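Values in this text are rule-based calculations from the coordinates and carry no lab data. This structure is a prediction, so every number in the text was calculated from the model and none was measured. Because the Cβ atoms are built from the backbone with ideal geometry, glycine has one as well, and the counts that use them run over all protein chains shown.
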2 protein chains.
Amino acid sequence: MAETTARTDARHTRERLLAAARDAFASYGTEASLRDIARRTKVGIGTLYRHFPTREALLEAILDTNFDTLRERAEQLLESPSIAPLEALLTWLNDLAVGARTYQGLPHSIMVALADENSELHASCAAMRASGERLLRRAQDAGQVRTDITVYEMIAIIIGSVWAVQQDGGLSDRMARLLDVAAHGFVRHPTAAGGDRSDRP
Amino acid sequence: MAETTARTDARHTRERLLAAARDAFASYGTEASLRDIARRTKVGIGTLYRHFPTREALLEAILDTNFDTLRERAEQLLESPSIAPLEALLTWLNDLAVGARTYQGLPHSIMVALADENSELHASCAAMRASGERLLRRAQDAGQVRTDITVYEMIAIIIGSVWAVQQDGGLSDRMARLLDVAAHGFVRHPTAAGGDRSDRP
DNA sequence: ACCTGAACACCGTTCAAGT
DNA sequence: ACCTGAACACCGTTCAAGT
């Protein structure tokens, strides 16, 4: 019984740490002070470190649901026959942008997670990325998107745009405009006036 | 004579601080330790602060030449009759991207400088931005670029792309690809397949 | 098992005291 | 005039000691 109580308390501590972290990240971004999170939880700093050995482990606990949701959303869109390939892709990219806006600094964590295989967010980000790739491929196969664009490029431009808007207040109408321009760069047009090399050998 | 010597020494100190700062920024990005810069210069930390009261003042001393160069480059391109408006714009955007890649973290400083009127980099960035706007307008007037795009959007997407590439090593071929896609988003195409709302009333 | 917090090695920034 | 660096208020991270 003593053990069960200890485990229960530990679980409780974990949940309280996560709640405080969500608060802190929402207020100060993903670089919020870990000491401050421990302080708010009324727990020693060592306790935070034992539950979450790195800042990324903490982020992962908070975020991987979001990445999973994004992956499920992609699968949903792939299976909806009423939604055209390009429309499905653009819808998903909007969801991605909305998700990346959750916390200040999150765009940075996402780009790092995509590139660094040792990141604790790598797995969920890679799955999210793979699902986006399927949406991209389908739109390319349908002749609606430039065939020379990679998932990396697609995600980098979207996340880079989210980042840019975040640097300055992060107004959501600005975000919508940037996404529109970025998306326009993906589209394949019948006769290109310039800058489009998607049909080169 | 003593005064002249003191002034000369101060100037010398200033130059040595700038050299150390350039080194440190090149190695560690624009968030490099100011204490470390003072240490390398073999100067008290207070001396650095008196010469450059803020990190931005230091950045400004290092960078405003670059922004001026970018502005001059724009004027040059505007006056070259042999270069088509779109080509001139894309050339300039490439120069902007190359400049923004100078230091890790510089994209952040640029976006902040553009938005914040109190930034010490604001003046040179605003001049740079204004010159880019002239290039953009000309390409729009020539019917080669979407008329609904603003300088802010154009710069944000370019700098956002530079930022994204910087998060992962910063390979320059990746940069070139991203710029191509971003630029493609600016171009006005005769018949849009989707995502282009540039001709709406 | 789980938790604590002092200790270490750093920051940015200010300001009284020195030449 | 110009320079110094101790002092203050913070960090992230580790680890011996406590329950």
Under 11 Å, Cβ to Cβ, from B:LEU59 - net charge with Lys/Arg +1 and Asp/Glu -1: -3
Calculated Rg and Dmax of the protein assembly as shown using C-alpha coordinates, Å: 24.0, 85
Distance from the stretch A:32-64 to the stretch B:123-192 (C-alpha centre basis), Å: 39
Along each principal axis, Cα extent of the stretch A:33-105, largest first, Å: 54, 20, 16
Helix-only mean residue ellipticity at 222 nm for chain B, each DSSP H run of n ≥ 4 adding -39500 (n - 2.57), per residue, nearest 500: -24000 deg cm²/dmol
Mean Cβ count within 10 Å, highest first, over the residues of peptides A:33-44, A:149-160: A:149-160, A:33-44
Debye, to nearest 20: dipole size of the stretch B:77-183, +1 on Lys, Arg Cβ, -1 on Asp, Glu Cβ: 160
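To one decimal place, what Kirkwood hydrodynamic radius in Å is obtained for the stretch B:56-201 from all pairs of distinct Cα atoms? Write out the running numbers ahead of the final one.
Details: mean 1/r = 0.0635 Å⁻¹.
The Cα-based Kirkwood calculation yields 15.7 Å.
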Hz values of 3J(HN,Hα) by residue in the stretch B:45-53 - Karplus curve (6.51, -1.76, 1.60), Gly and Pro given as x: 4, x, 5, 4, 5, 6, 6, 9, x
Other-copy label distances relative to A:HIS12, 7 angstrom Cα-Cβ extension, nm: 6.8
Label point 7 Å beyond Cα along the C-beta direction, distances from A:ALA127 to other copies (nm, shortest first): 5.3
Under the Karplus curve 6.51 cos²θ - 1.76 cosθ + 1.60, θ = phi - 60°, whole-Hz ³J(HN,Hα) for the stretch A:79-95, x wherever Gly or Pro sits: 8, 8, x, 7, 9, 5, x, 5, 4, 4, 4, 5, 4, 5, 5, 5, 4
Per-copy distances of the B:GLU75 label point, shortest first, in nm (7 angstrom along Cα→Cβ): 6.0
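Determine the relative contact order of the stretch B:62-186: mean sequence separation of Cα pairs under 8 Å and six or more apart, normalised by residue count, in whole percent. List each step's numbers first, then the result.
Working: 104 pairs, mean separation 36.3, N = 125.
Relative contact order, the stretch B:62-186: 29 percent.
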Interchain or long-range residues, amide H under 5 Å from B:VAL145's placed H: B:GLN140, B:ARG188
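Would you mind working out the magnitude of the charge dipole of the protein assembly as shown relative to its Cα centre, with +1 at each Lys and Arg C-beta and -1 at each Asp and Glu C-beta, to the nearest 20 Debye? Before the final figure, lay out each step's value.
Working: 48 positive and 54 negative charges, 174 e Å.
In debye, rounded to 20, the protein assembly as shown gives about 840.
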